[in-house]
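S.K.: Dropping the structure in here first, questions after.
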Amino acid sequence: MLKGIAASSGIAIGKVFLFEEEEFIIARRDLAENEIKKEVMRFRKAIAVVKEDMKRTSKSAYEKIGKKHSRLFDAYVMILDDPMLKNGVIKMVVKEKVNVEHALQVTINRIFQSFMEVKDEYLRERSRDIIDMGKKILKSLIGMERNGLKEIPAEVIVVAHNLSPSDTIAMRKDKVIGFAIDMGGKTSHTAILAHSLGIPAVVGLKNITYNVRPDDTVIIDGNQGIIIVNPDEITIKNYEREKKKHLDAVKELDKLRDLSAVTTDGHTIELSANIEVPEEIPMIYESGSAGIGLYRTEYLFMNRNELPTEEEQYRQYSEVSKSILPYSVIIRTLDLGADRMADGMEALAERNPFMGLRALRYCLKHPEIFRSQLRAILRAAVHGNMKILLPMISAVEELRNAKEFLVKTQEELRKEGIPFKEDIELGVMIEIPSAVLTAEILAKEVDFLSIGTNDLIQYSLAVDRVNENVAELYNPLSLAVLRLIKMIIEKGHKSGKWVGMCGEMASDPEFTKILIGMGLDELSMSAISLPKIKDSIRSISFSSAQELADEVLSAKEQSEIIKILKRDKLRS
Ligand code: PEP
Ligand code: MG
């Protein structure tokens, strides 16, 4: 039995599909004499494929993000042509009769080390490019397996060291019944995706990949964050019973679909859904949500060689907003960067990516990308009820830059005679402590605020949301976080503005009563969580929620908060 972090609830029992990704230690395999030629050919082919890909990316980067970034890809092509790499790998395959993946890894490490030892700072910096290049060739070599993500055998449990959000979204929902991952925290984007897709998942397992073999049977207990490898018959039977119980409980909540989210004393809360891709819309209908509170648009930009055109975005955004009428869609502008990369963005290779060129910062630095997205949104908004949400705002000046950009884009459309929504509502995500402290200034300049607790917690407690080593410190109930949330709601309301929450904290019934008590207008979450949150709301009174929130906020330490909540639970 292995213990990790419960990331997405539910039980799954199935065979392991070991997802080998680029950070894996590739096993050494001895070759028979007649395999050597074929192996060298494989390597040459992989180099050619990556080179072609790099040239294409360089061209498209030049057109979209300018010369500076496109040069990086040219540098990659030079690395691919370098005899130290090419000859080094081929020599090792031929001489030592080993598989090319192993030879590649050894050679790349050797070159990397020699770069690291030089005095020149610039060359040392470039050593990362060598590693990236190695990964790209490796990806091309084991491409069959990676592309196979879309053709995974039915009903498997994907076990991986790490899984990027783009890998996760590429997996077919009907094929993958569970995830077990070495890395990650509860609010990593991969965990959020598993949750949105309704797939049980345990993350932060640290070494599950070393403890299972392909085709082992495993049980994923996404409720408790446990994995059982090769369980006996009795354990399987017990878990099958548990799984049925879980599914029955989910079904029971179906009854709430058409009821409103109202407390016992008549206070109504808006409940809406978070989506990543339009395929989630049927789940939204089933959940009984009142619209979309967060549409994460970055997923349209992943797993592809070319960025989506304005037309493609326009089509997708229109489809989403039409399908959700009469309700509204809060569409968030791109939050790329950090762990969510579009093709070509690997070139950023930042040391501290969550504090780097992410979200709005990235968009303002790449006006062409921002412009085409805003045009698509403004045009699509004609067909529905759409509002724009800006992520990662840290200061009012940043917001003003974005607003200026929006006005300019509207002017452009007007001049071109293209229909668009003139008076579109604009909101900001409050997910950085500096934005909390200045929320009253921000609120005056927008129509609404939406609290992003996933980032707010990581930035205020200095706890990386995707790092399993500090996952225990990631505490939504910490006094500081609760005070920040309260502060945002008060400042927003004082300016007469609507305040919602779209971070994962909104989807956990443990927190519902406090959040309602603090006065939030809306909670937005993955559709799958919505019925149980509605159930919680319908069982509490607003006045008792307010009392609880006041009491918790006046606590002096963590143990006191836990005690207050325990007592409240016993009472209700
Ligand atoms: C958040 O940070 O809480 C949020 C909703 O945005 P994301 O998880 O996409 O960063
Ligand atoms: Mg965020």
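The values are calculated or read from the model by the stated rules, or taken from the named source; none is laboratory data. These numbers were taken from a predicted model, which means no experiment stands behind them. Cβ placement follows ideal geometry from the backbone for every residue including glycine, while neighbour counts extend to all protein chains displayed. Only protein heavy atoms, including side chains, enter the accessible area calculation; ligands, DNA and RNA are left aside. Shrake-Rupley method; radii C 1.70, N 1.55, O 1.52, S 1.80 Å.
S.K.: Six or more apart or on different chains, Cβ under 6 Å: which pairs go from a residue in segment 442-458 that's at positive phi to one that's more than 14 Å from ligand 1 (Cβ to nearest atom)? Could you list them?
M.R.: none
S.K.: In addition: Can you find a residue in segment 337-349 that is surrounded by fewer than 19 Cβ atoms within 10 Å (Cβ to Cβ), touching a helix residue (DSSP H, G or I) at 6+ places or on another chain (Cβ under 8 Å), in the same structural domain as Tyr459 (by TED's automatic domain parsing) and not in a loop (DSSP other than H, G, I, E, B)? Don't jump to the end; show me each part of the working.
M.R.: Just the residues of segment 337-349 that are surrounded by fewer than 19 Cβ atoms within 10 Å (Cβ to Cβ), to begin with: 339, 343, 346, 348-349.
Within this subset, residues satisfying the condition of being touching a helix residue (DSSP H, G or I) at 6+ places or on another chain (Cβ under 8 Å) are 339, 343, 346, 349.
Going one step further and asking which of them are in the same structural domain as Tyr459 (by TED's automatic domain parsing), we end up with 339, 343, 346, 349.
The next check asks that each one be not in a loop (DSSP other than H, G, I, E, B); those that pass are 346.
Yes, segment 337-349 contains at least one residue that is surrounded by fewer than 19 Cβ atoms within 10 Å (Cβ to Cβ), touching a helix residue (DSSP H, G or I) at 6+ places or on another chain (Cβ under 8 Å), in the same structural domain as Tyr459 (by TED's automatic domain parsing) and not in a loop (DSSP other than H, G, I, E, B).
S.K.: Another question, if that's okay. Being of a type in the set (Gly, Ala, Ser) and either on the phi > 0 side of the Ramachandran plot or within 16 Å of ligand 2 (Cβ to nearest atom) (or both) is the filter here, so list the residues in segment 182-219 that pass it. Show your work before the answer.
M.R.: Filtering segment 182-219 down to residues of a type in the set (Gly, Ala, Ser) leaves 184-185, 188, 191, 194, 196, 198, 201, 204.
Hits for segment 182-219 are Gly184, Gly185, Ser188, Ala191, Ser196, Gly198, Gly204.
Residues checked against (1) within 16 Å of ligand 2 (Cβ to nearest atom); (2) within 26 Å of the chain's Cα centre (by Cα); (3) open to solvent by 60 Å² or more (accessible area, probe 1.4 Å):
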position: Glu397; (1), (2), (3): no, no, yes
position: Glu404; (1), (2), (3): no, no, yes
position: Glu411; (1), (2), (3): no, no, yes
position: Arg414; (1), (2), (3): no, no, yes
position: Phe420; (1), (2), (3): no, no, no
position: Glu425; (1), (2), (3): no, yes, yes
position: Glu431; (1), (2), (3): yes, yes, no
position: Ser434; (1), (2), (3): yes, yes, no
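S.K.: Now, a different point. Could you list, in sequence order, all residues of segment 437-459 that are within 13 Å of ligand 1 (Cβ to nearest atom) and either open to solvent by 40 Å² or more (accessible area, probe 1.4 Å) or not polar (S, T, N, Q) (or both)? Talk me through it step by step, then tell me what you get.
M.R.: Quick first cut of segment 437-459, residues within 13 Å of ligand 1 (Cβ to nearest atom) only: 449-459.
If the condition is that a residue be within 13 Å of ligand 1 (Cβ to nearest atom) and either open to solvent by 40 Å² or more (accessible area, probe 1.4 Å) or not polar (S, T, N, Q) (or both), then Leu449, Ile451, Gly452, Asp455, Leu456, Ile457, Tyr459 are the ones that fit.
S.K.: Oh, and also: Residues of segment 262-291 being away from ligand 2 (no atom under 16 Å from the Cβ) and either of a type in the set (Val, Ile, Thr) or outside the structural domain of Lys534 (by TED's automatic domain parsing) (or both), which ones?
M.R.: In the first step, residues of segment 262-291 are kept if they are away from ligand 2 (no atom under 16 Å from the Cβ); the result is 262-273, 277-291.
Within segment 262-291, Val262, Thr263, Thr264, Thr268, Ile269, Val277, Ile281, Ile284 qualify.
S.K.: Of the conditions (1) open to solvent by less than 80 Å² (accessible area, probe 1.4 Å); (2) modelled with pLDDT of 75 or more; (3) assigned to a helix (DSSP H, G or I), Met84 satisfies every one except a single condition; which number is it?
M.R.: All conditions pass for Met84, except number (1).
S.K.: Restricting attention to segment 262-273, report how many residues are more than 27 Å from the chain's Cα centre (by Cα) and either loosely packed, with under 11 Cβ neighbours inside 10 Å or in contact (Cβ under 8 Å) with a residue 40 or more places away in the chain (or both).
M.R.: Step one: filter segment 262-273 for residues more than 27 Å from the chain's Cα centre (by Cα), giving 262-268.
Add one more test, that the residue is either loosely packed, with under 11 Cβ neighbours inside 10 Å or in contact (Cβ under 8 Å) with a residue 40 or more places away in the chain (or both), and what stays is 262-267.
Count: 6.
S.K.: Shifting gears a bit: Report, by residue number, each residue of segment 462-489 that is touching a residue at least 12 places away in the same chain (Cβ under 8 Å) and of a type in the set (Asp, Glu).
M.R.: Selection gives Asp464, Glu468.
S.K.: If I filter segment 325-345 for residues that are without any contact (Cβ under 8 Å) to a residue 40 or more places away in the chain, under 26 Å from the mean Cα position of the chain (by Cα) and over 25 Å from Ala170 (Cβ atoms), do I get at least one hit?
M.R.: no
For every residue, the table says whether it meets (1) part of a helix (DSSP H, G or I); (2) farther than 23 Å from Val250 by Cα.
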{"position": "Glu280", "(1), (2)": "yes, no"}
{"position": "Tyr285", "(1), (2)": "yes, no"}
{"position": "Glu311", "(1), (2)": "yes, yes"}
{"position": "Arg315", "(1), (2)": "yes, yes"}
{"position": "Pro326", "(1), (2)": "no, yes"}
{"position": "Asp335", "(1), (2)": "no, yes"}
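S.K.: Would you mention how many residues in segment 290-311 are more than 20 Å from Pro165 (Cβ to Cβ) and open to solvent by 10 Å² or more (accessible area, probe 1.4 Å)? Give the steps one after another, and end with the answer.
M.R.: Filtering segment 290-311 down to residues more than 20 Å from Pro165 (Cβ to Cβ) leaves 290-291, 309-311.
Imposing the further condition that a residue be open to solvent by 10 Å² or more (accessible area, probe 1.4 Å) reduces the set to 290, 309-311.
Count: 4.
S.K.: Identify, please: which residue in segment 360-411 is under 30 Å from Leu461 (Cα atoms) and out of contact with any helix residue (DSSP H, G or I) (no Cβ under 9 Å at 6 or more places or on another chain) and is, among those, nearest to ligand 1 (Cβ to nearest atom)?
M.R.: Once the filter is applied, the top-ranked residue is Leu389.
S.K.: For segment 462-511: of the residues being of a type in the set (Ser, Thr, Tyr) and closer than 27 Å to Arg340 by Cβ, which is surrounded by the most Cβ atoms within 10 Å (Cβ to Cβ)?
M.R.: Residues of segment 462-511 of a type in the set (Ser, Thr, Tyr): 474, 478, 495, 507.
The next check asks that each one be closer than 27 Å to Arg340 by Cβ; those that pass are 474, 478, 507.
Details: Tyr474: 20, Ser478: 17, Ser507: 26.
The selected residue is Ser507.
S.K.: Another question, if that's okay. Kindly state which helices (runs of 4 or more DSSP H) lie completely within segment 116-191 and contain at least 2 residues that are modelled with pLDDT of 75 or more.
M.R.: Details: elements: 121-141, 143-147, 165-170.
Qualifying helices (runs of 4 or more DSSP H): 121-141, 165-170.
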